[in-house]
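Step one of this worksheet: look at the structure below.
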Amino acid sequence: MIAEVKHLYMRACTGTGVNPHYTVILTVLLGFAVAGNSLFYTGGADTLLYCAGILNYFLFVFFKYRYRCSVSDYIPSGEGAIAIITVVLLNILITENIFLVFLLTVLILSLINGLIRIFDDDRLFSGLVINITLLATLVYIAHAHSGISHARLGNILTGAAHISGHALSFAAVCFISALLVIFVTSVLEPELALYSHGRSFFSITGIPPKYAHMTVNLAGAALLAAVILSTGLLAGTGLYIYYMLRQRASLLEMLLIMLLYTQVMVMLTAFAGPVPAVYICVAASYIMHTIYIFRWSDRHA
Amino acid sequence: MLEIMNISLSRSGSTLLRNVCATFNDGEIIGIAGRPGAGKSLLLGIIAGLVKPGMGQVIINGNPMDKTAGRKRRTLVSLTGDAFPENRHDRVKDFLLLSRAPHRRIFRAFAENDLDTVDMYIELFNLSGYRDCILGDLPGSVLQRVVTAFGFIREAHLLLMDEPQKSLDIASVRMLCKIMSRYVINGKRIIAFCSNDLNFISQTADRILIMHGGSIVEDGGPEIISTELVSKYFNTDVFLSRNIYNGRPEIHFFPEN
């Protein structure tokens, strides 16, 4: 029986670019991490939500790489900070309803990305300024009597949907949003790819560029909003993993690495609390970004 | 057949194109020459539908270009400019396949014919060794060849090229000349290109248009190239010889001393 399963598995991996040994090791490690987190800390619904969030994150990374040619993940680019500030302000000023927060965050992020295109370059400065602004905003809100507790702020940094009471429903929203983006990108793949090559190449599609800008901004914003509300700032290294491993690892292996990374960070959140875990994630993202810029970007500039 | 009817364009008070009229016949290779600012690239942009003229219109096979739907127009006209692809992560073969996008029907994958066309031009442009390379890793001259191939792959009725020989080594220029001749050989397609290299134009084009101050001032076969013409419109003294194989004029400079 085991031999048969092994034979079937090896045959399924043949020709797909998937390394059967690494995939098994990653899957076993991920299984242990998910089981540990589910049993001792997060519970089943939250685990599912983290997985849905990472699926969105994986698509977000792919989207940034393929269509926006960006070399900054959502932490160094400042997109994550903008999204967190948006969620915090929506929580204080408008509503705590997670679905409404999701919709408004998508709208605000796509507007910001449409108006000021500062997220898709490798300049650390603009992202750093936004991240410092986030820190200052959070410190101010934490010390002001804003009606939002320290614990809630910490939870927003690691995914506001977990404390919304609708973790399972929001996981479904994340899956639906991911499927929608997959559908749109697969239907319009050549057009979006031409968009990534610049205006003169996109002109051959005969589509006005503003529609392409809108589609890319909206899809990117939907993916990022789902990521921020389900996993917060507990990711942020996926784009660099993608750049560094794309010649050697399959998409499945990279997805498993991203899932494993987040599960380890969730475990860290359980032991050390959300804020130290977020500090570590931000530091890891900046370290990966720096390594990428100095060791890899010159090869593909 | 393409008809350019009384095209004029003014911007900020200065006239960039003035009553430009011309007819491009099927099977022709048309070279457009002129000093910088004469309006060559602008004319190509107007023909391609990327720039709106102030007056006049472009008619392709009896249909006004501005009345032709965007996607249909892209299957009729292809413009290769001087822009390079910005996304350097794409593989050469994937990038070239995108040129067939106007032929692809929505919700459908690229057809077998699209893939075969890409393969054919990869062979013709001698890019087989770079087929799976990513664009960011290509040397400049190879990238130029890829961009030029991108224009051909659409197999549009009218192929427009802006400085196609720029950045190409001598072997690639020779290859490009052959591919251009092959493109129009069935007598159903047209190539129009502009260049600052008069020798390239005289050796390649069946018909030459000289532009000056936004107008077409000379129109004829390669034999119109003369020392007087070069002196008049390019303000340079040269002498001519004839290519011993095709009899076309070749331009040479006088030695300094």
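Values in this text are rule-based calculations from the coordinates and carry no lab data. It should be emphasised that the depicted structure is a prediction, and the values quoted were computed from it without experimental measurement. Quick reminder, even Gly has a Cβ in these numbers, built from the backbone with ideal geometry, and neighbours come from all protein chains shown.
Observations, loosely collected:
- The distance between label points at B:ASP169 and B:ASN199 comes to 1.8 nm (points 7 Å beyond Cα on the Cα→Cβ vector).
- Each label point was placed 7 Å from the Cα along the Cα-to-Cβ direction; for A:PHE32 and B:ARG108 their separation is 5.2 nm.
- Fully extended contour minus Cα-Cα distance, from A:SER126 to A:ILE291, at 0.36 nm per residue: 57.6 nm
- The 3J(HN,Hα) values that the Karplus relation (6.51, -1.76, 1.60; θ = phi - 60°) gives for the stretch B:78-88 are, in residue order, 10, 10, 9, x, 9, 7, 9, x, 7, 8, 7 Hz. Gly and Pro appear as x.
- Hits among lysines - C-alpha to C-alpha of B:LYS178 under 30 Å, sequence gap 8 or more where chains match: B:LYS40, B:LYS72, B:LYS93, B:LYS166, B:LYS188
- Note on B:SER12/A:GLU4: beta-carbon distance plugged into 1/(1 + (r/R0)^6) with R0 of 51 Å gives a FRET efficiency of 0.10.
- Proximity of backbone amide H atoms, modeled 1.01 Å from N, is registered between B:SER215 and B:ARG18 at under 5 Å, excluding neighbours fewer than 5 places apart on the same chain.
- Put simply, the amide H of A:GLY43, placed in the peptide plane, has neighbours under 5 Å in A:SER38, leaving out anything fewer than 5 places away on its chain.
- Cα pair distances exceeding 11 angstrom across the stretch B:191-231, given as percent: 65
- Between B:THR80 and B:LEU160, B:MET161, B:ASP162, the built amide H atoms are under 5 Å apart, and every one of these is 5 or more places off in sequence or on another chain.
- If the Kirkwood radius is taken over C-alpha pairs of the protein assembly as shown, then at 25 °C and 0.890 mPa s the Stokes-Einstein diffusion coefficient equals 91 µm²/s.
- Applying the Karplus relation 6.51 cos²θ - 1.76 cosθ + 1.60 with θ = phi - 60° to the stretch A:151-158 yields 3J(HN,Hα) values of 4, 5, 4, x, 5, 5, 5, 10 Hz, where x marks Gly and Pro.
- Net length available on complete extension from A:THR137 to A:LEU107 is 8.7 nm, with 0.36 nm assigned per residue and the Cα-Cα distance removed.
- HN-Hα J in Hz across the stretch A:53-62 - Karplus 6.51, -1.76, 1.60, θ = phi - 60°, x for Gly and Pro: x, 6, 4, 5, 5, 4, 5, 4, 4, 4
- Inter-chain shielding of B:81-90 (mean C-beta neighbours from other protein chains, 10 Å cut-off): 6
- Extension gain (nm, one decimal) between B:ARG242 and B:ARG91, 0.36 nm per residue minus Cα-Cα: 50.1 nm
- Cα-based helix-to-principal-axis angle, B:112-124 vs chain B, degrees rounded to 10: 50
- Within straight-line reach of A:LYS210, meaning a Cα separation under 19 Å, sit the following aspartates and glutamates at least 8 residues removed in sequence or on another chain: A:ASP120, A:GLU189, A:GLU191, B:GLU86.
- Equivalent ellipsoid, the stretch B:3-92 (semi-axes from 5 times Cα gyration tensor eigenvalues, Å): 23, 18, 14
- With the highest mean first, a sort of the peptides A:269-279, B:89-99 on other beta-carbon atoms found within 10 angstrom per residue produces B:89-99, A:269-279.
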